[in-house]
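Below: one structure, written as structure tokens.
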Amino acid sequence: MTLIKSISGIRGTIGGVPGDNLTPADIVRFTAAYATFIRNSAAERCPRIVVGRDARISGEMVHRIITGTLMAMGCDVTDIGMATTPTTEIAVAKEAAAGGIIITASHNPRQWNALKLLNSQGEFLNAVEGAEILALAESGSYSFAPVDGLGKITQKQFLQEHIQSVLSLNLVDVDAIRAANFRVAVDCVNSVGGIAIPELLYALGVKEIFKLHCAPHGNFSHNPEPLPEHLTELSSLTRSSKATVGFAVDPDVDRLAIYCENGEPFGEEYTLVAMADYILQHTPGNTVSNLSSSRALRDITLARGGSYHAAAVGEVNVVEKMKEVGAVIGGEGNGGVIYPASHYGRDALVGIALFLTYLARTGKTPAQLRREYPSYYMAKQKVELTPDIDTDAILEKMKERFQEQQVTDIDGVKIDFPDKWVHLRKSNTEPIIRIYSEATSPEAAEAIGKEIIDLIRELA
């Protein structure tokens, strides 16, 4: 059982002993610390905080504790109930709120839940802000409001506003999608996507939708991470129903996986690639992804006359780099698309609308579109660490060993070779070094990863 405290939020398994798991006592402690942080920087006497949750089983329990704690801390609450992560982010901005809490453990299994913390722009907190909240929680430096200072709660729904904001994007063409008469298969893993995605598709003019696991009861029908090995049902349904395309989302709907009409995965790395290809044709500019994302985005960006930039792993780092370089689109290779014309957050609803528009305007099938992009293959491996291994020293030695290659050290060590790359990152949650590698064949990607693993063991 686990409780992980990091700058990106608080996540853990439900039940057990306080301090070791995500228990009611821990939820109160970290919510109170966040409320203190918000009150210290907000102009209002009772700052407003938006709270939304995915559909996982523990969601209602965690939600009640969080909203009650925020009121006890003298914060007004806009409770948007069951909502996607991007819906909650948008709601913070529309409410002119001081912050927001998303109750979701994203792609983690059903026994997990988490508090993801937002600033007044509806974006994730940065490292300094996250560290301040953790310090407040550890020290217990917060106090609850007296009876006359308690916050109030307001209940609202923002899904339709979110959908309308997607439909109003200049590069979303509802008329073209409607005229294309698409047949769409979806797998929403029994979470909030089961509400949001069909609603979006109907609003886009899609009349035939083939649904898998769209009942939002939170008892996930399969591993909720949208990877091919977990989406075999969607693959079969897309093919057997003669659907134009298949879409899968994770429980909080910020990641999008696409399936071709033949039941083959489009590739999670290529969700962002396809979006960027479409956007760059109409809005020339720069792109950003994290260091562990496919080189294909760089290739597409350069081919469209833009500049590609890499950021450290983590949405907040990608967003920071996007703002710095004025990127027109960015995201992460796990199917997370960030389109600033909408908002600075990964959003599967935006991804679906843009992808369907691209298909409708080109008349191409997903398989035809996928064949137009450079083919890269990724391997993901890891090295177990023992307490006596100096990980930082190993990474420094790696930089020295490969100094003749292009080396990036903003997040671990990434080594770029002419025809492949390998990225070494020390895990924040486990005693391991993660090894990501990419090449023009699966064999080459595996080989460079294993070569690096052997070298790590030699240097250790």
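The values are calculated or read from the model by the stated rules, or taken from the named source; none is laboratory data. Here the structure is a predicted model, which is why all the values come from computation and not from measurement. Cβ sites come from the backbone with ideal geometry, for glycine too, and all protein chains shown count toward neighbours.
Just a few scattered comments:
- Members of segment 225-242 found to be surrounded by fewer than 18 Cβ atoms within 10 Å (Cβ to Cβ) and among the β-branched types (Val, Ile, Thr), listed by number: 232
- Subset of segment 409-460 [in contact with a helix residue (DSSP H, G or I) (Cβ under 7 Å, 6 or more places away or on another chain), surrounded by fewer than 17 Cβ atoms within 10 Å (Cβ to Cβ) and of a type in the set (Gly, Ala, Ser)]: 460
- Selection within segment 228-267 - within 27 Å of residue 181 (Cβ to Cβ) and acidic (Asp, Glu): 233, 261, 264
- Listed by position, the strands (runs of 3 or more DSSP E) enclosed by segment 361-460 that each have at least 1 residues that are closer than 24 Å to residue 271 by Cβ and of a type in the set (Ser, Thr, Tyr) are 377-384, 406-408, 432-439.
- Positions within segment 9-22 being among the polar types (S, T, N, Q) and crowded, with 20+ Cβ neighbours inside 10 Å, in sequence order: 13
- Residue ID - nearest to residue 118 (Cα to Cα), chosen from residues in segment 340-360 that are touching a residue at least 60 places away in the same chain (Cβ under 8 Å), outside any helix (DSSP H, G or I) and not hydroxyl-bearing (Ser, Thr, Tyr): 345
- Residue match in segment 368-376 (condition: surrounded by 14 or more Cβ atoms within 10 Å (Cβ to Cβ) and more than 22 Å from residue 304 (Cβ to Cβ)): no
- Qualifying residue in segment 204-224 (condition: buried (at least 21 other Cβ atoms within 10 Å of the Cβ), without any contact (Cβ under 8 Å) to a residue 40 or more places away in the chain and of a type in the set (A, V, I, L, M, F, W, C)): yes
- Once segment 1-30 is narrowed to residues that are more than 22 Å from the chain's Cα centre (by Cα) and either at pLDDT below 90 or polar (S, T, N, Q) (or both), the residue that is farthest from residue 62 (Cα to Cα) is 1.
- Some residue of segment 88-95 being outside any helix (DSSP H, G or I) and under 15 Å from residue 152 (Cα atoms): yes
- Residue selected from segment 41-52 under the condition modelled with pLDDT of 95 or more and under 14 Å from residue 117 (Cβ atoms), by the criterion surrounded by the fewest Cβ atoms within 10 Å (Cβ to Cβ): 47
- Residues satisfying the stated conditions in segment 243-278, i.e. crowded, with 23+ Cβ neighbours inside 10 Å, at pLDDT 95 or above and in a helix (DSSP H, G or I): 270, 271, 272, 273, 274, 275, 276
- Residues in segment 303-326 that are assigned to a strand (DSSP E or B) and touching a residue at least 40 places away in the same chain (Cβ under 8 Å) were compared, and the one that is farthest from residue 344 (Cα to Cα) is 310.
- Residues of segment 26-40 that are over 11 Å from residue 140 (Cα atoms) and surrounded by 21 or more Cβ atoms within 10 Å (Cβ to Cβ): 26, 27, 31, 34, 35, 37, 38.
- Test: residue in segment 356-371 that is at pLDDT below 95, within 27 Å of residue 228 (Cβ to Cβ) and of a type in the set (A, V, I, L, M, F, W, C): no
- Within segment 148-232, strands (runs of 3 or more DSSP E) holding 2 or more residues that are within 20 Å of the chain's Cα centre (by Cα): 183-187
- Number of the exception - residue 334 against (1) surrounded by fewer than 22 Cβ atoms within 10 Å (Cβ to Cβ); (2) in a loop (DSSP other than H, G, I, E, B): (1)
- Residue check, residue 186 over 21 Å from residue 361 (Cα atoms), crowded, with 20+ Cβ neighbours inside 10 Å and touching a strand residue (DSSP E or B) at 6+ places or on another chain (Cβ under 7 Å): yes
- Residue that is farthest from residue 75 (Cα to Cα), among those in segment 102-137 that are part of a strand (DSSP E or B) and touching a helix residue (DSSP H, G or I) at 6+ places or on another chain (Cβ under 8 Å): 113
- Number of positions in segment 76-105 that are crowded, with 23+ Cβ neighbours inside 10 Å, within 20 Å of the chain's Cα centre (by Cα) and not β-branched (Val, Ile, Thr): 7
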